[in-house]
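Heads up: the structure comes next, in structure tokens.
The values are calculated or read from the model by the stated rules, or taken from the named source; none is laboratory data. This structure is a prediction, so every number in the text was calculated from the model and none was measured. Virtual Cβ from ideal backbone geometry, glycine too; neighbours counted across all protein chains shown. Note: areas computed on protein heavy atoms with side chains; ligands, DNA, RNA excluded. Shrake-Rupley method; radii C 1.70, N 1.55, O 1.52, S 1.80 Å.
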Amino acid sequence: CRGFRSGLLNTTDYSNICQCDCLDDVKQQLACTDYGDFLSNEHPPIATTTIAEKSTDKLVQEFNWVRSQSTAPLTKFLDYIRYSYMIDNVILVITGTMHDRDPHELLEKCHPLGLFDSLASLCAATKTSELFQLVLVDTPLAPYFSEAVTDADLDELNIEIIRNTLYKAYLEDFYKFCTAMGGATAEVMGDILKFEADRRAINITINSFGTDLTKDDRAKLLPSFGFLYPEGLTRLEQAEDFQGVRDACECYGPYRNIFADVGYSSEKSLEDAFFEFEVAQNRLAFEQQFHYGVFYAFVKLKEQEIRNIVWIAECIQQDQKSRINQYIPIF
């Protein structure tokens, strides 16, 4: 995995890509990097969606190769990484089905790391209990989904509750697994997962404003660990607007800086600030030896790299060169 890390784009690579005038030039520049000829079979004009798809396919190939060479408990750790994509795919298919989208189109949009055999069968479910009993009971998500099973119909609010309930159970289970491993893995992954739990807690709180979700129901969706846990989560539970969220996080150094950056920069969103902090955390994972956190960090850094490439490609295609440097550098 540390070998894959050396294949991530560096400052010089990004500088060369940013100087391209068209997507064919981007293709040629990427061919000089670790991406190689991954776009060799694509004929011009190349779309940004194609670049994103092929880049993701390369990441999936590398991940699957690492997993095929792994043994326990690393294999289980790598499976935990996949579970988050499985949850996203489940929610994508359910939401698309509710809006009468074509099942084949939905499956094409699913992330390759989160595919499983019975995913297509989700299109037939109309209640959360049916999702569990007919489809998900035989998948690794079953222990997480059991907490979200009700007889409620699938509407947009219930789907969001399902998403956040699944992620809460998943993150708590992953954190427990990493803590039990001890050593550097527990230290590195502990900090990474604590931030992920806090990010979800903050986003859930902000997204609940103006909805029918009560404070008590919202509190049940927040992960029960993290840097904010427990005092910061108690403050978040009482927040009624964005300023309330900012005040709840004010006592925690990293988040104080994140909200300060968002406040002073109209071009930077809270999501972008979180991505920057996530990249910094994942970079640190490579500073220690003999732990599994580098596998998680590589996947997340590679995803950010793909977002960077797509952003640069979009700016070139739409002739928005003035915004082309608004990507998040990695190394």
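Of the residues that make up the stretch 109-127, is at least one in a helix (DSSP H, G or I) and free of Cβ contacts under 8 Å to residues at least 12 places away in the same chain? Yes - at least one qualifying residue is present in the stretch 109-127.
As a summary of the residue check, Ala248 satisfies the conditions (1) open to solvent by less than 30 Å² (accessible area, probe 1.4 Å); (2) over 13 Å from Ile206 (Cβ atoms); (3) not aromatic (Phe, Trp, Tyr) except for the one numbered (2).
Would you be able to say whether some residue in the stretch 53-66 is among the aliphatic types (A, V, I, L, M) and either free of Cβ contacts under 8 Å to residues at least 40 places away in the same chain or farther than 30 Å from Met181 by Cα (or both)? Scanning the stretch 53-66 turns up no residue that is among the aliphatic types (A, V, I, L, M) and either free of Cβ contacts under 8 Å to residues at least 40 places away in the same chain or farther than 30 Å from Met181 by Cα (or both). On the stretch given as the stretch 91-107, residues that are open to solvent by less than 70 Å² (accessible area, probe 1.4 Å) and not in a helix (DSSP H, G or I) total 0.
Comparison of Asn257, Asn203 shows that the only residue that is in a helix (DSSP H, G or I), open to solvent by 50 Å² or more (accessible area, probe 1.4 Å), within 28 Å of Leu9 (Cβ to Cβ) and at pLDDT 95 or above is Asn203. Taking first residues from the stretch 306-320 that are under 15 Å from Gln19 (Cβ atoms) and partners that are among the basic types (Lys, Arg), the Cβ contacts under 8 Å between residues at least 6 apart in sequence or on separate chains come to Cys315/Lys321; Cys315/Arg323.
Taking the conditions (1) modelled with pLDDT of 95 or more; (2) at positive phi in turn, Gly36 satisfies each one other than (1). Among the residues of the stretch 284-299, the one identified as within 15 Å of Asn64 (Cα to Cα) and either of a type in the set (Asp, Glu) or open to solvent by 20 Å² or more (accessible area, probe 1.4 Å) (or both) is Phe295.
Residue-level analysis places Tyr144 among those that are crowded, with 19+ Cβ neighbours inside 10 Å, out of contact with any strand residue (DSSP E or B) (no Cβ under 6 Å at 6 or more places or on another chain) and modelled with pLDDT under 95. Taking Ser40 and the conditions (1) surrounded by 13 or more Cβ atoms within 10 Å (Cβ to Cβ); (2) assigned to a loop (DSSP other than H, G, I, E, B), which numbered condition does it fall short on, given that it satisfies the others? The single condition Ser40 does not satisfy is (1). Residues in the stretch 179-200 that are open to solvent by less than 50 Å² (accessible area, probe 1.4 Å), without any contact (Cβ under 8 Å) to a residue 40 or more places away in the chain and hydrophobic (A, V, I, L, M, F, W, C): Ala186, Leu193, Ala197. Can you run down the residue pairs with Cβ atoms below 8 Å, 6 or more apart or on separate chains, where the first is in the stretch 5-34 and over 13 Å from Asn308 (Cβ atoms) and the partner is of a type in the set (Phe, Trp, Tyr) and open to solvent by less than 60 Å² (accessible area, probe 1.4 Å)? Hits for this filter: Arg5/Phe286; Arg5/Phe298. Each residue in the stretch 59-75 was checked for being open to solvent by less than 30 Å² (accessible area, probe 1.4 Å) and in a helix (DSSP H, G or I), and 6 of them qualify. Taken over the stretch 214-245, the criterion of being touching a Cys at 6+ places or on another chain (Cβ under 9 Å) and under 12 Å from Ile204 (Cα atoms) is satisfied by Leu236 alone.
Does Asp25 satisfy being surrounded by 12 or more Cβ atoms within 10 Å (Cβ to Cβ) and of a type in the set (Asp, Glu)? Considered against the rule, which asks whether it is surrounded by 12 or more Cβ atoms within 10 Å (Cβ to Cβ) and of a type in the set (Asp, Glu), Asp25 comes out as yes.
Residues in the stretch 304-321 that are more than 16 Å from the chain's Cα centre (by Cα) and not hydrophobic (A, V, I, L, M, F, W, C): Glu314, Gln317, Gln318, Asp319, Gln320, Lys321. With respect to Leu78, determine if the residue is surrounded by 13 or more Cβ atoms within 10 Å (Cβ to Cβ), touching a Lys or Arg at 6+ places or on another chain (Cβ under 8 Å), closer than 25 Å to Ala297 by Cα and not small (Gly, Ala, Ser). So Leu78 fits the description; yes.
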